[in-house]
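The values are calculated or read from the model by the stated rules, or taken from the named source; none is laboratory data. Please read all numbers here as calculations on a predicted model, not as lab measurements. Here the Cβ positions follow ideal geometry from the backbone for every residue, glycine too, while neighbour counts run over all protein chains shown. Calculation scope for accessible area: heavy atoms of the full protein, side chains included, ligands and nucleic acids excluded. Shrake-Rupley method; radii C 1.70, N 1.55, O 1.52, S 1.80 Å.
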Amino acid sequence: MSQRTIAEKISCTGIGLHTGSPVQLTLHPARVGTGVVFVRSDLSHPVEIPARRESVTSTQMATTLGVGDATVSTVEHLLSALYSLGVDNVRVEVDGPEIPVMDGSAASFVFLIRSAGLFEQDAARPRLRIQKPVEVRDGDRSLRVEPCDGLRVSYFVDYAHPAIGRQSLESVEIDGETFENDIARARTFGFLQDVEALWRNGLARGGNLDNTVVMDEHRVLNDDGLRWPDEFVRHKILDLVGDLSLLGLPLAGHVIAVRGGHALHTALVEAILAEPSAWVIEGRDAESTLGPVTFQTPARASA
Ligand code: ZN
């Protein structure tokens, strides 16, 4: 497999979930080994923010990346689409502090990437292959990754709410087709009481029924209802794949998530990176710099 970028630059505009302000997003093709790099183009000195674990500054509500004072939040849905469609190298220019929320899912980003087209680059695409399990826990929540040929995800959620309850999807193979058909259109969800508290505190100002599935104590409030009865667990998989992409290169492993969230997703990424005996990097050629350049294990990285 070769590394890929997008065939041409492409833009879209939407509103930020938190600020409620318009923000323009432009994806630019990028050279081999770049990875995914966010650029805050509205700052007097544009700041580059690599989509990697070490850039994570917050996992409250959404995943936020930053370098110094420059941050970009709500990156996970775009990252999930880039990862699943196999875009390794791209510069993501954004003229504000967050990625536009669009309809609360990754569908618009899939459309954007498909419209730009993909370009195969002349360099091998390395991947991180799990060889023994790595697990993180927080009370009754857990994430575990086990050896597997490609990326597979099993996700289990359990909300004491009549619209959700227990939902699970098991052994979902994450490739472009599955992602586009079964995952990308699943939207962000929230509960009315939480949303109202956020609004009172000046947060989630861009959040509304056009970009969030909102529930009161009994039911879903959106007029059109759900896109799937189990849209909630599908969205959790969407979020997880975006957060896993912060590894910096494709993952070969089966991730089993029980009631996860952004904090636990990124904790698993950190635990994997901290445990080099649990994985090998495959398919890295001499010129390839894609992948976790910050790894302290160059001898293993050449395996
Ligand atoms: Zn999400």
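In table form, for the structure just shown:
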quantity	calculated
Residue tally, condition part of a strand (DSSP E or B) and farther than 30 Å from G283 by Cβ, over segment 147-168	8
Residue check, L240 in a helix (DSSP H, G or I) and modelled with pLDDT under 95	no
Condition check for L268: within 17 Å of A62 (Cα to Cα), away from the ligand (no atom under 14 Å from the Cβ) and at pLDDT 95 or above	yes
Index of the failed condition, I130 passing every other in (1) open to solvent by less than 60 Å² (accessible area, probe 1.4 Å); (2) modelled with pLDDT under 95	(2)
Criterion: under 21 Å from the mean Cα position of the chain (by Cα), over 17 Å from V157 (Cα atoms), among the basic types (K, R) and away from the ligand (no atom under 11 Å from the Cβ) - qualifying residue of R200, R227, R205, R219	R227
Among the candidates G190, G253, residue that is at pLDDT below 95 and either within 12 Å of the ligand (Cβ to nearest atom) or part of a strand (DSSP E or B) (or both)	G190
Unique match (being over 16 Å from the mean Cα position of the chain (by Cα), outside any loop (DSSP other than H, G, I, E, B) and without any contact (Cβ under 8 Å) to a residue 24 or more places away in the chain) among R137, R144	R137
Qualifying strands (runs of 3 or more DSSP E) (wholly inside segment 11-127; at least 2 residues being of a type in the set (F, W, Y))	none
Test for G202: is it closer than 18 Å to S73 by Cα, assigned to a loop (DSSP other than H, G, I, E, B) and either basic (K, R) or in contact (Cβ under 8 Å) with a residue 60 or more places away in the chain (or both)	no
Hits in segment 99-115 (condition: within 13 Å of the ligand (Cβ to nearest atom) and surrounded by fewer than 23 Cβ atoms within 10 Å (Cβ to Cβ))	D103, A107
Pick from segment 164-223, criterion hydroxyl-bearing (S, T, Y) and touching a helix residue (DSSP H, G or I) at 6+ places or on another chain (Cβ under 7 Å), ranking: surrounded by the fewest Cβ atoms within 10 Å (Cβ to Cβ)	S168
Matching residues, segment 78-95, being touching a helix residue (DSSP H, G or I) at 6+ places or on another chain (Cβ under 6 Å) and within 15 Å of the ligand (Cβ to nearest atom)	L78, L79, S80, A81, Y83, S84
Looking only at segment 58-73, and only at residues there that are among the polar types (S, T, N, Q) and under 15 Å from the mean Cα position of the chain (by Cα), the one that is modelled with the lowest pLDDT	Q60
Selected residue (only one of T64, T26 is more than 28 Å from F156 (Cβ to Cβ) and open to solvent by 10 Å² or more (accessible area, probe 1.4 Å))	T26
